[in-house]
Every structure is written in structure tokens, then in C-alpha cells.
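Only one structure is covered here, and it is reproduced in the block below.
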Amino acid sequence: AGGDEQTVRVADMDEMVVGRPNRRNQEEWTRRRLYEAERVRLARERRFIQYVPTDPKAAGHEAALADVRMLIASFGQKAAWLWDPYLSASDILKTLFHSPHAGSDLRALSDAMSVPRDIRPSPGRWRKLMDCLWPPKDQPRPSFADLQRAHFSACAGNLEGIRLEYRARIGHSGWSFHDRFLIFPDTREGPLAWSLGTSVNMLGHKHHILQRVDDGRLVADAFEQLWADLSGSEQLIWKTP
């Protein structure tokens with residue numbers, strides 16, 4: 001008013017920076033470093049891993065299976081449950097059968113939606129398999145359960161320390177399901193669960209994400225509800241001992 005110079009601070013505006021904004025560059029570098037450290041930690045603990053298809057695909061599949069087996073070894077001391085609509089005997093042999101915990105409660109739940117990948121033959125065996133899966137009209141076609149049991153009988157070994165029950169949604173009981181989970185219902189941290197992102201037979205073959213879910217108890221409860229609904233003799237595929 002009297003001609004004297006005054007300074008007025010304007011609210012809600014960034015401060016003016018003259019010269020190189022070194023502090024901001026440092027802050028951005030710090031944020032990126034913290035993000036990368038967190039990403040590495042999550043991958044190391046198998047809380048979040050992204051799988052991108054590799055060449056050969058078999059290498060990516062084995063790497064993804066190794067991560068699943070590590071989780072089973074780390075958290076499956078008392079129980080490990082596998083929930084996958086396309087689950088087969090071959091998938092179970094590659095995962096739950098690698099549990100190092102004798103007597104752990106191992107459960108596998110399938111929607112009986114596919115023929116196991118491992119029985120798909122080389123060209124030289126195609127005719128023999130065709131005769132098995134698509135026999136003449138006067139002969140019955142093997143059921144999903146028959147194929148699973150045959151695979152276990154041929155490949156399960158001596159079953160030392162294995163306590164496994166394998167059920168499938170056969171008949172009118174239960175409901176169809178889509179998501180794939182590896183569940184540990186009894187750990188020191190409480191129930192834990194991982195979303196697989198794809199079926200076991202496709203682990204590492206295509207893009208998917210393995211990640212720990214926020215509330216493992218909800219997933220474990222949903223599994224147990226469907227498991228109880230599929231308690232009939234026709235849904236029991238295989239059990240040991």
C-alpha cells in the first residue's frame with residue numbers, strides 16, 4: 001500500500017526450483033530402488049512371480065514347477081491342497097508327490113475337464129492310444145477316473161510317506177470352478193493360499209502370475225465346502241493309504 005515490497009506465499013503450488021533439481025532426481029531414484037528391492041523380495045518369497053514364455057518351453061515349465069515345490073516344502077508341513085479344474089494324476093505326481101513332509105494331508109481337486117497331457121503320444125503310438133480312448137462302438141471308452149488310476153498305478157512308486165486323496169467333480173454334486181489355487185490350511189501364519197494363474201499342466205508354458213492371495217482362510221474355506229460336497233464314492237479318484 002505504501003510502495004514497500006512484500007512476499008506472498010501461494011498455497012497448493014509446488015516450490016520453484018532454480019538449477020538442476022538434484023533432490024527430486026534423488027527421490028525418484030530412491031523410489032525406484034525401493035520398488036526393485038520389494039519386487040526382488042516378493043519373488044524370492046514366491047509372493048509374486050511373473051512367468052513369461054521361454055524357449056524351450058520345457059525349461060520354463062520346470063522352473064515354475066520348482067517354485068510350486070518350494071512352496072510345498074516351505075508351508076506344507078501339515079497340509080497342502082491343490083485346486084485346479086484341469087488337474088490330472090500326472091500334475092499331482094509333479095507337485096504334491098514332491099512334498100518332503102511325511103504324513104502331510106495332501107488333497108487334490110479336479111473338475112475332470114481334460115485327458116492328462118502325459119498320455120498324449122508320440123506319432124508312433126497314436127494308433128494304440130486312439131484304440132484306447134476311442135474304441136469301437138461295442139467297447140466302452142475309459143472314463144476320466146480310469147485313466148487317472150491307471151497313471152497312478154504305473155507311476156506312483158512305493159508311496160512311502162504319502163497321504164493323498166484325489167477327488168473330481170463327477171456327476172451332479174458340487175459346482176464347476178475355474179480358478180487355480182495351492183492352499184496351505186494349517187501354517188504358523190494361519191491358512192495361506194497362492195493363485196497359480198494357470199493350470200499345473202501349463203505352468204511356465206504361457207504368461208501367468210503366481211501370487212499369494214490376501215486372505216488364505218477364505219480360499220481354504222471355499223475348497224473345504226466343495227470338497228465336502230464331493231464326498232461320494234463316484235467322486236473319489238484315488239486315495240492312499
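Of the set (1) at pLDDT 90 or above; (2) touching a strand residue (DSSP E or B) at 6+ places or on another chain (Cβ under 7 Å); (3) over 16 Å from G76 (Cβ atoms), all apply to H151 but (2).
Against the definition (closer than 22 Å to Y86 by Cβ and out of contact with any Cys (no Cβ under 9 Å at 6 or more places or on another chain)), how does S233 come out, yes or no? No: the conditions fail for S233. Would you check if G174 is assigned to a loop (DSSP other than H, G, I, E, B), open to solvent by 50 Å² or more (accessible area, probe 1.4 Å) and out of contact with any Lys or Arg (no Cβ under 8 Å at 6 or more places or on another chain)? No.
Condition (residue is more than 12 Å from the chain's Cα centre (by Cα) and farther than 28 Å from P241 by Cβ) applied to the range 151-169: is it met by at least one residue?
Step one: filter the range 151-169 for residues more than 12 Å from the chain's Cα centre (by Cα), giving 151-169.
Pick out the ones that are also farther than 28 Å from P241 by Cβ and you get none.
No, the range 151-169 contains no residue that is more than 12 Å from the chain's Cα centre (by Cα) and farther than 28 Å from P241 by Cβ.
Put simply, of E234, E160, E189, E165 the only residue that is open to solvent by 30 Å² or more (accessible area, probe 1.4 Å), over 28 Å from F48 (Cβ atoms), part of a loop (DSSP other than H, G, I, E, B) and charged (D, E, K, R) is E160. Which residues, taken from the range 192-211, are open to solvent by less than 30 Å² (accessible area, probe 1.4 Å) and β-branched (V, I, T)? Within the range 192-211, T198, V200 meet the criteria. Of all residues in the range 43-93, those being open to solvent by less than 20 Å² (accessible area, probe 1.4 Å), polar (S, T, N, Q) and in a helix (DSSP H, G or I) number 1.
Of all the criteria given as (1) modelled with pLDDT of 90 or more; (2) open to solvent by 40 Å² or more (accessible area, probe 1.4 Å), the one not satisfied by P140 is (1).
The values are calculated or read from the model by the stated rules, or taken from the named source; none is laboratory data. These numbers were taken from a predicted model, which means no experiment stands behind them. We place every Cβ from the backbone using ideal geometry, glycine too, and count neighbours over all the protein chains shown. Accessible surface areas use protein heavy atoms only, side chains included; no ligands, DNA or RNA. Shrake-Rupley method; radii C 1.70, N 1.55, O 1.52, S 1.80 Å.
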